[in-house]
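Taking it in order: structure first as structure tokens, then the write-up.
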Amino acid sequence: MRSILRNFRWAIWVTTFALFVYTFLVAAEILVVLTNIIFIASPFLVIWMVWTVLRDDFTTHKTFDDYFYQDSEIRRVTVRQDADNTAN
């Protein structure tokens, strides 16, 4: 079983939660020390999140030629241009 630090979903949740906490603390102007700690830690959190997502072994069988997005069932629409319908 993978460790929790290598789980990309966990990395995304932690980084997003830290962003929301930081935004709230800045807007509320409270706990300046905690705000500064999150500000200093934020680049490391983003690097950890990106590294974890890129190193994950997730694979898909959907290709860009078949589907417009990987996470959606929307298929690409191919546009055929007929010789009779071309405007000169």
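Figures for the structure shown
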item: Pair list, Cβ < 8 Å and 6+ apart or interchain, from the stretch 48-60 residues that are at pLDDT below 90 to residues that are surrounded by 10 or more Cβ atoms within 10 Å (Cβ to Cβ) and not in a helix (DSSP H, G or I); result: 60/70
item: Matching residues in the stretch 1-34 - criterion: being modelled with pLDDT of 95 or more and among the polar types (S, T, N, Q); result: 15, 16, 23
item: Given (1) part of a helix (DSSP H, G or I); (2) β-branched (Val, Ile, Thr); (3) exposed (fewer than 14 other Cβ atoms within 10 Å of the Cβ), number of the condition residue 30 does not satisfy; result: (1)
item: All positions within the stretch 1-45 that are of a type outside the set (A, V, I, L, M) and in contact with a Leu (Cβ under 8 Å, 6 or more places away or on another chain); result: 15, 35, 42
item: Qualifying residue in the stretch 61-82 (condition: at pLDDT 75 or above and touching a helix residue (DSSP H, G or I) at 6+ places or on another chain (Cβ under 9 Å)); result: no
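The values are calculated or read from the model by the stated rules, or taken from the named source; none is laboratory data. Note that the coordinates shown come from a computational prediction; the quantities given were computed from them, not determined experimentally. All Cβ positions, glycine included, derive from the backbone under ideal geometry; neighbour counts span all protein chains shown.
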